[in-house]
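Below is one structure; the comments refer to it alone.
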Amino acid sequence: MADPSTPLGAGLRVAVIGVGHLGKHHARLLGDLEGATLVAAVDTVHDRAAAAAQASGARALTDFRELFGHVDAVTIAAPTEAHHDIAMEFLRRGTSVLVEKPMTRTVAEAQALIAAAEQSGATLAVGHTERYNPAIATVMPFVTTPRFIEVHRLGVFPDRSLDIDVVFDLMIHDLDIILSLVKSDPVSIEAVGVPVLTDKYDIANARLRFATGCIANVTASRISRERVRKIRFFQPDAYVSIDYAEQEVEGYRLLRRAGERPQIQGGKLPVTREEPLKRELIDFVRAVAAKRRPLVAGEDGLRALTLAQAIADKMESL
């Protein structure tokens with residue numbers, strides 16, 4: 001992520017498309033973000049758009065096409081099935097886009113967005129918010145050679161994202177984190193999913209083996225009684241545990257000294273708490289203003305989506 005002291009762009013005109021469960025927070029933060037001006041909140045439900053726009057004095061719209069020629073960038077938090085069509089309209093016009101995860105419905109759609117952004121020169125970012133979690137940022141320099149990764153992302157049954165299964169809804173967050181740290185592609189995948197309360201997979205587990213030898217065991221559920229969002233990394237002589245929700249990190253390492261018994265050192269690591277979505281939006285605005293690559297670019301979104309699809313395909317083949 002860019003240095004927080006780097007000045008933001010001056011008055012970047014931004015709109016939010018889709019202001020439901022997540023999009024309303026995009027509007028809340030952009031309405032008060034230095035260097036950005038929220039010009040509109042767009043939603044097919046006018047009252048929802050109006051509620052999201054009210055605090056900042058932005059316009060409330062029901063048709064995103066009214067934004068053409070009036071914005072420098074948009075964030076898209078509409079349902080996944082609409083991501084490609086909406087994003088493509090703006091990227092072709094040279095307007096920068098941050099699209100929420102999963103990037104698109106299909107790998108082909110994601111590739112098309114990347115190609116459109118490259119052709120027009122627009123910035124394309126993907127909303128893998130956990131990459132901006134201060135706890136993740138704290139451990140990034142220390143997780144260098146992970147050999148085993150254990151993930152539990154459990155959530156209560158939601159009233160959102162039921163158009164996609166739990167792999168694309170929840171697990172994809174952790175797939176992006178794992179790919180960014182392992183820096184290798186999986187060579188084998190074992191996966192199982194169960195549709196419990198919907199006709200899509202509500203709970204899933206994937207065991208991934210990477211070319212580096214690292215194994216990741218990833219569990220995601222949206223039918224749990226409690227919320228759990230934790231990831232643990234094991235590497236030679238070191239162990240790191242992260243609680244995403246609490247933004248807490250514990251780290252331990254084995255200290256070896258000649259002629260002495262090895263000692264375990266560690267404990268909680270200091271983390272400066274901050275809203276990950278705010279950090280994500282700041283990075284997007286800065287990337288657009290500076291014409292640089294955002295921390296999570298289209299290619300990152302494509303990698304996570306490709307792995308999520310491979311896991312889903314493996315479950316379907318059982």
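So which residues in region 263-289 are of a type in the set (Val, Ile, Thr), farther than 18 Å from residue 247 by Cβ and assigned by TED's automatic domain parsing to the domain that holds residue 75?
Residues satisfying the conditions are 285, 288.
In region 220-237, which residues are outside any loop (DSSP other than H, G, I, E, B) and crowded, with 19+ Cβ neighbours inside 10 Å?
220, 221, 229, 231, 233
Name the residues in region 193-210 that are at pLDDT 95 or above and either of a type in the set (D, E, K, R) or part of a loop (DSSP other than H, G, I, E, B) (or both), would you?
Residues satisfying the conditions are 207, 209.
Going by what's in this entry, would residue 19 be described as part of a loop (DSSP other than H, G, I, E, B), of a type in the set (Val, Ile, Thr), in contact with a Lys or Arg (Cβ under 7 Å, 6 or more places away or on another chain) and touching a residue at least 24 places away in the same chain (Cβ under 8 Å)?
The answer is yes for residue 19.
From the list 303, 279, which residue is charged (D, E, K, R), under 20 Å from residue 98 (Cβ atoms), out of contact with any Pro (no Cβ under 8 Å at 6 or more places or on another chain) and at pLDDT 95 or above?
Every option except 303 fails the conditions.
Looking at (1) touching a Lys or Arg at 6+ places or on another chain (Cβ under 8 Å); (2) surrounded by fewer than 16 Cβ atoms within 10 Å (Cβ to Cβ); (3) not aliphatic (A, V, I, L, M); (4) not assigned by TED's automatic domain parsing to the domain that holds residue 113, which one does residue 292 not meet, given that it meets all the others?
The single condition residue 292 does not satisfy is (4).
Could you tell me whether residue 121 is modelled with pLDDT of 95 or more and in contact with a strand residue (DSSP E or B) (Cβ under 8 Å, 6 or more places away or on another chain)?
Spelling it out, it is not the case that residue 121 is modelled with pLDDT of 95 or more and in contact with a strand residue (DSSP E or B) (Cβ under 8 Å, 6 or more places away or on another chain).
Would you point out which residue out of 104, 138, 145 is within 25 Å of residue 25 (Cα to Cα), outside the structural domain of residue 21 (by TED's automatic domain parsing) and among the hydroxyl-bearing types (Ser, Thr, Tyr)?
138
Sort out which residues of region 208-219 are surrounded by 22 or more Cβ atoms within 10 Å (Cβ to Cβ) and more than 14 Å from residue 191 (Cβ to Cβ), and write them in order of number.
The one that is surrounded by 22 or more Cβ atoms within 10 Å (Cβ to Cβ) and more than 14 Å from residue 191 (Cβ to Cβ): 214.
Could you tell me whether residue 91 is crowded, with 18+ Cβ neighbours inside 10 Å and touching a strand residue (DSSP E or B) at 6+ places or on another chain (Cβ under 8 Å)?
yes
Just need a number here: residues in region 30-78 that are polar (S, T, N, Q), at pLDDT below 95 and surrounded by 16 or more Cβ atoms within 10 Å (Cβ to Cβ).
1
Please state which of the following conditions residue 95 fails to meet, knowing it meets all the rest: (1) of a type in the set (Ser, Thr, Tyr); (2) in contact with a His (Cβ under 9 Å, 6 or more places away or on another chain); (3) under 22 Å from residue 292 (Cα atoms).
(2)
Just the residues that are modelled with pLDDT under 95 and among the small types (Gly, Ala, Ser), please, taken from region 12-29.
20
What are the pairs, 6+ residues apart or on separate chains, where a residue within region 85-97 that is at positive phi has its Cβ under 9 Å from a residue that is crowded, with 17+ Cβ neighbours inside 10 Å and hydrophobic (A, V, I, L, M, F, W, C)?
Within 9 Å, the pairs are 94/122.
With (1) under 25 Å from residue 233 (Cα atoms); (2) more than 18 Å from the chain's Cα centre (by Cα); (3) in contact (Cβ under 8 Å) with a residue 40 or more places away in the chain as the list, and residue 263 as the residue in question, which single condition is left unmet?
Against the list (1) under 25 Å from residue 233 (Cα atoms); (2) more than 18 Å from the chain's Cα centre (by Cα); (3) in contact (Cβ under 8 Å) with a residue 40 or more places away in the chain, residue 263 comes up short only on (3).
Kindly indicate which of 143, 156 is modelled with pLDDT under 95, touching a helix residue (DSSP H, G or I) at 6+ places or on another chain (Cβ under 6 Å) and β-branched (Val, Ile, Thr).
143
The values are calculated or read from the model by the stated rules, or taken from the named source; none is laboratory data. Note that this is a predicted model, so its numbers are computed, not measured. Note that we place each Cβ from the backbone using ideal geometry, even for glycine, and neighbour counts take in every protein chain shown.
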